Amino acid sequence: MGRTYIVEETVGQYLSNINLQGKAFVSGLLIGQCSSQKDYVILATRTPPKEEQSENLKHPKAKLDNLDEEWATEHAYQVSRMLPGGLLVLGVFIITTLELANDFQNALRRLMYAVEKSINRKRLWNFTEEEVSERVTLHICASTKKIFCRTYDMHDPKGSARPADWKYQSGLLSSWLSLECTVQINIHIPLSATSVSYTLEKNTKNGLTRWAKEIENGVYLINGQVKDEDCDLLEGQKKSSRGNTQATSHSFDVRVLTQLLLNSDHRSTATVQICSGSVNLKGTVKCRAYIHSSKPKVKDAVQAVKRDILNTVADRCEILFEDLLLNEIPEKKDSEKEFHILPYRVFVPLPGSTVMLCDYKFDDEPAEEIRDHFMEMLDHTIQIEDLKIAEEINTACMSSSMNSQASLDNTDDEQPKQPVKTTMLLKIQQNIGVIAAFTVAVLAAGISFHYFSD
């Protein structure tokens, strides 16, 4: 038996309203959440057309071979940045003319695997073996309105398609629980002289990968309590007269405890690393995650929060690097530090739902650009007054040289009083110094933790 997809009715209306306007086909993304029993689809968005494709796609005889996978996968990657914890790109859809009704399967298959590969290429986390690995493809014939729903296993590139059920349901948008978390970030990343051939972005990702392990291994308090991961998230909530569990609040506060000291069973020695510079990330990030209210488990809620923390930090760094690359200026003198403000996170509510999508903006970007970006990426109109900017001041300090001596101190203490967003070269100068970074094993009966939230 194939998987079942429960789909918000407004998604069906959106797909029905898509007009081919003389084109052979229109493709797009399906967004929602996986669960062990069924998947939930709450949003669909068409892939924005390329300007140079406009003329080519106006001929009904055009083949699906003309589908631009590179353009579609880049759209999927950009959209994945705009999704909070718990939401994923679940699959792709394509609407075709009657003439192409039998010529879609191979194109959809290639597109689905390409989209999944694009989205996963820079993540700091991996799917677990227990998670659903199937993704959906939906084909709609514009003339007959007939729907073909199939799934492919992303772990089996040579596997065959499996039929799936596509069921519309009203009120799905209101059936979500929200988890909110504020995390203080202070990450020091030494740039090893042995990896000078790496780009600054790659060096930073390597450092973030080490930090990600701290987040993965943290202890998560939900409304101030540590709960067993297999417990129902709504355990202890009042029940209605029908016997259904009702959440007294749709929002849960999450705090993160990270391990501060190692216990006596762990031993470690000092490592000396020759470095050419360092990157320091410091500030506060606002995280949000959502899970469907049908029998939610604590482990699913915690997992969604973890992934949102990792995603938002990694995405901000990548967006900053993209911005610096586009606005490159001559590099600074030796030993100078460069401060850059990471982009703010902006939330916007999905109409009729407690779910909020997100985007990122630099301080000098007008709100109109964020509104237009939402329209281009998600094909949904939003109001500027609905934008909710998380008040975050996050800086990235990039130091190109260091004293030629052993040091245990981070280099991010001297921050500018009023940091200003600037541009810089990505190249780090090779003035070699030494960092002695070591961890000392501590004899202690237990493990000490410190709050990694406000």
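What follows draws every value from the coordinates through simple rules; no lab data is involved. Everything quoted here is computed from the prediction, not taken from an experiment. Please note: Cβ atoms are built from the backbone with ideal geometry, for glycine as well, and neighbour counts cover all protein chains shown.
Ordering LEU172, ASN106, TRP125 by the projection of their Cα atoms onto the charge dipole of region 86-233, which places +1 on the Cβ of Lys and Arg and -1 on the Cβ of Asp and Glu, puts ASN106 at the extreme positive end. Is the shape of region 103-228 best called rounded, prolate or oblate, per the rule: a/c under 1.5 gives rounded, else a/b larger than b/c gives prolate, else oblate, with a ≥ b ≥ c the square roots of the Cα gyration tensor eigenvalues? Oblate, because a/c is 1.5 or more while a/b does not exceed b/c. Computing FRET efficiency as 1/(1 + (r/R0)^6) for HIS155 and GLU216, where r is the C-beta to C-beta distance and R0 is 25 Å, gives about 0.70. Cross-link pairs exceeding 31 Å between alpha carbons, from the set LYS167/LYS299; LYS50/LYS282; LYS117/LYS297; LYS50/LYS146; LYS167/LYS361; LYS23/LYS205: LYS50/LYS282; LYS167/LYS361; LYS23/LYS205.
Projected area of region 163-239, taken from the Cα convex hull and averaged over every viewing direction, in nm²? Walk me through the intermediate numbers first.
On the way: hull surface 43.9 nm².
Answer in nm², one decimal: 11.0.
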